[in-house]
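Enquirer: Handing you this structure, nothing more for now.
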Amino acid sequence: MVEIIGLCIAALATAGVILRPFGWADWIFAVSGAAAVVLLGALPLSDALHAIGEGREVYFFLLGMMLLAEVAGREGLFDHLAARAVQAAAGSARRLFFILYLVGAGVTVFLSNDTTVVVLTPAVLAVTRHARVPPLPYLFTCAIVANAASFVLPISNPANLVIFHGAMPPLGDWLARLALPALAAIVVSYLSLRWAMRHDLGTEPTTTDVPALSRGGWIAATGLSLSTVALVTVSSLGGGLGLATLSAGVAVALAVALSTRRSPLPLLRHLTWGVLPLVAGLFVLVAMLDRVGVLSTLGKWLGQMSATSPRATAGLSGTAVGIASNLANNLPVGLAAAAAAAAGELGDLMRDCLMIGVDLGPNLSVTGSLATLLWLATLRRSGLHVSAAQFLGVGLKVMPPALILALLIRLCLPG
């Protein structure tokens, strides 16, 4: 009976995270659900605390990336990049669309998908308004590429750390297995999105002034470049990315503060702190699912299927996870998939396909990923509204071909 109650609480908490009834923050539902399963005896307190502690690499990574993004945003780096994109477009809407997509891909690959939607999106919106073009086609590039480019590197998406929790492959292995699928996802998503937005790209952009990059902006840009090199090096050596990312974020924030003689403390007020209890609560809920045997049963079932047909099972699992991410958000789905993969002792091929599904699947709907939800919140603060049906109409054209092609390429590769 307790197990059934725990499953119901997990379902309600996940629904609350996605739907956010009463306008409450998503973390409230995750934390409430986690507290409820402990109080009702579905999960011992010691197991809950252990589950929260297991997420420390993810917490450190999120904090570090938020610091890097906030420093760069406050110093005007992304405004500068977006304005340069308009200048480089030379009056061509399609060229501007392509350049902004490339900028978004670069930010996603090296600074994570959340940075693209939280910091680059407002910069793109401001520049499109100055350029006097309809903003939505260019804003959609931020939302779509944030997921499409999110498995080029381990640091491109916090969900990658969740899927490979405790078993992150060295960078060389990662690229050998995932570089081609990631490139295919980026290219196909661009072509599909451009086709979906073809009727909205008729207005030629007006050239806008490029804001000068301040001293703090140059230092932030240098710090981001050095941080990227450091994190890629740590990843290539198989080291933990969480503490390395946090250290990089703190170092860049302090360097900019010293050079500009401004306190770094105001940065802390602008960080999205709610994401930390959100992730912690989801870790607890997934631990409860593991305790009642749901994930171990799923893992064993997948293991049995993989023993007879590994590639078909991996491909179908990646597709299923991609679709499920839109029903229950990719973060809890990713946590559950990672736990099932660990329980079933599934290999690299299965983990890779699960991650591709978790990263690419959310491009179908507004509920798919935290990045997309943050993108919607950013638009709402700016007075813009994208309905669920409007996003789904674009997602149906963009997500399926990218997901299918990326999975097929991965299935054809060795390993």
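Enquirer: Please go through region 102-117 and pick out each residue that is closer than 21 Å to residue 244 by Cβ and either part of a helix (DSSP H, G or I) or in contact with a strand residue (DSSP E or B) (Cβ under 7 Å, 6 or more places away or on another chain) (or both).
Expert: Within region 102-117, 106, 107, 108, 109, 110, 111, 113, 114, 115, 116 meet the criteria.
Enquirer: Looking at 52, 4, 18, which is the one that is assigned to a helix (DSSP H, G or I) and open to solvent by less than 30 Å² (accessible area, probe 1.4 Å)?
Expert: Residue meeting the stated conditions: 18.
Enquirer: Test residue 266 against the stated conditions and say whether it is out of contact with any Phe, Trp or Tyr (no Cβ under 8 Å at 6 or more places or on another chain), under 30 Å from residue 75 (Cα atoms), assigned to a helix (DSSP H, G or I) and not hydrophobic (A, V, I, L, M, F, W, C).
Expert: Spelling it out, residue 266 is indeed out of contact with any Phe, Trp or Tyr (no Cβ under 8 Å at 6 or more places or on another chain), under 30 Å from residue 75 (Cα atoms), assigned to a helix (DSSP H, G or I) and not hydrophobic (A, V, I, L, M, F, W, C).
Residue-wise test of (1) under 17 Å from the mean Cα position of the chain (by Cα); (2) assigned to a helix (DSSP H, G or I).
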residue: 145; (1), (2): yes, yes
residue: 151; (1), (2): yes, no
residue: 155; (1), (2): yes, yes
residue: 167; (1), (2): no, no
residue: 173; (1), (2): no, yes
residue: 176; (1), (2): no, yes
residue: 186; (1), (2): yes, yes
residue: 192; (1), (2): no, yes
residue: 195; (1), (2): no, yes
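Enquirer: Further question on the same structure: Could you tell me which residue of region 216-237 is farthest from residue 264 (Cα to Cα), considering only residues that are open to solvent by less than 30 Å² (accessible area, probe 1.4 Å) and not hydroxyl-bearing (Ser, Thr, Tyr)?
Expert: Only one residue tops the list, namely 231.
Enquirer: Looking only at region 340-361, filter to residues that are surrounded by fewer than 23 Cβ atoms within 10 Å (Cβ to Cβ) and in a helix (DSSP H, G or I); which one of those is modelled with the lowest pLDDT?
Expert: Of everything passing the filter in region 340-361, 343 is modelled with the lowest pLDDT.
Enquirer: Checking residue 263 against (1) without any contact (Cβ under 8 Å) to a residue 24 or more places away in the chain; (2) open to solvent by less than 40 Å² (accessible area, probe 1.4 Å): exactly one of these is not met. Which one?
Expert: Residue 263 satisfies every listed condition except (2).
Enquirer: Under 22 Å from the mean Cα position of the chain (by Cα) and open to solvent by less than 30 Å² (accessible area, probe 1.4 Å): which single residue out of 306, 325 fits that description?
Expert: Result: 325 is the single residue among 306, 325 that is under 22 Å from the mean Cα position of the chain (by Cα) and open to solvent by less than 30 Å² (accessible area, probe 1.4 Å).
The values are calculated or read from the model by the stated rules, or taken from the named source; none is laboratory data. Worth saying up front: this structure is predicted, and the values here are computed from it rather than measured. Counting neighbours? That spans all protein chains shown, and the Cβs are built from the backbone with ideal geometry, glycine included. Remember, those area values only see protein heavy atoms, side chains included, never the ligands or the DNA or RNA. Shrake-Rupley method; radii C 1.70, N 1.55, O 1.52, S 1.80 Å.
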